[in-house]
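Bear in mind these aren't lab numbers, they're just calculated from the coordinates by the rules spelled out. If you're wondering where the values come from, they're calculated on a predicted model, not measured in any experiment. Reconstructed Cβ throughout: ideal geometry from the backbone, glycine too, with neighbour counts over all protein chains shown.
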Amino acid sequence: MPELPEVQILVNQLAPRLKGARIREVEVCDLKIKLRRDVVGRRILQVRRRGKNIIFDLSGGLHLLVHLRMTGWFEFDEPKHYRAAIRTGKATAYFEDGRRFGTMQTVTPAELENVLKHLGPDPLADHCDLSRLLKTSRPVKVALLDQRLVAGVGNIYASESLWRARINPRRRADRVRPAEVRELGRGINKSMRRAISHGHASSKCRSLMFMTEKGNHVVAVALPFGGSCRRNAARISVHNASNKALFWRLTCFSLHAWRRLETGSRVLSRCGFYTGNCASSCLRRVYSAANLRWFLLLHPGNRRLNWKAA
């Protein structure tokens, strides 16, 4: 799922192409997307972001609200399949979404305010205000994923920022000391800004997880695939919190997640299980032909696959 840096990179690509342009045509190819006809003829005043939401400010007091969800993205060259297309005098933006989870809707200013008021502070726009984290007793990693507390942070950058701040992801959020909260805020800000600055160099940047910079991965803890900490090369332990895998080392609380999951996915595919196309999920749900749900549990000490019925 695209997180705040990927959404911001996409906004940075959309703004120079569409800002100030007049919408000539809106093509909707998916009945799940319902847009007002009167958006045609309006001028796109601004393209901005709030959390993981992309907002097109239109003339006449209307807004186009887009959430990418799992696989949504905007392309500027016509893809083979797309759900909607916004054609202007400057460029055309094609909304591509293989899983069709993304949303695109026309909203009034009041409706937009009603949607955004439930979001927490934006880590980049609101000086990374993490005060709401101290009001919950959930694990700090789980609290960071709650969009009502912090808007835009997902599993990858929550892991990244906790690793930078050296905070145990299973620790209660209300027991994190103020100095650690400030360090966590700096970790979130630094990891996201670094990812955004690196993404400017790529025209297609759906996932910064797999990008490298001078031989090193842009994301420090979701990758590399080696299963060892970048700081001290120690083995990583694996735990589960709110259906998210936590890979961490006691000495620095780093989090890793990926290689063995993909290996297990290939094994399951050969055995006739459908594993889906969700490489970013650390706790993968697997569906058999009888539609039974299983969880793939990965043990850090060996390469054996262990099964547990949900």
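Overview of results
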read-out	value
Residue match in region 81-93 (condition: among the charged types (D, E, K, R) and more than 26 Å from GLY152 (Cβ to Cβ))	yes
Where a residue in region 118-137 is in contact (Cβ under 8 Å) with a residue 12 or more places away in the chain and its partner, wherever it lies, is acidic (Asp, Glu), with Cβ under 7 Å and at least six apart	PRO121/ASP129; LEU134/ASP174; LYS135/ASP174; THR136/ASP174; SER137/ASP174
Hits in region 114-133 (condition: outside any loop (DSSP other than H, G, I, E, B) and either surrounded by 15 or more Cβ atoms within 10 Å (Cβ to Cβ) or touching a strand residue (DSSP E or B) at 6+ places or on another chain (Cβ under 9 Å) (or both))	ASN114, VAL115, LEU116, ARG132, LEU133
Hits in region 156-172 (condition: surrounded by fewer than 24 Cβ atoms within 10 Å (Cβ to Cβ) and either of a type in the set (D, E, K, R) or assigned to a helix (DSSP H, G or I) (or both))	ARG164, ALA165, ARG166, ARG170, ARG171, ARG172
In region 86-113, the residues that are assigned to a loop (DSSP other than H, G, I, E, B) and buried (at least 16 other Cβ atoms within 10 Å of the Cβ)	GLY102
Residue within region 87-97 that is in contact (Cβ under 8 Å) with a residue 60 or more places away in the chain, of a type in the set (Ser, Thr, Tyr) and under 23 Å from ARG69 (Cα atoms) present	no
Region 127-148 - residue that is charged (D, E, K, R) and under 19 Å from the mean Cα position of the chain (by Cα) and, of those, farthest from ARG171 (Cα to Cα)	ARG148
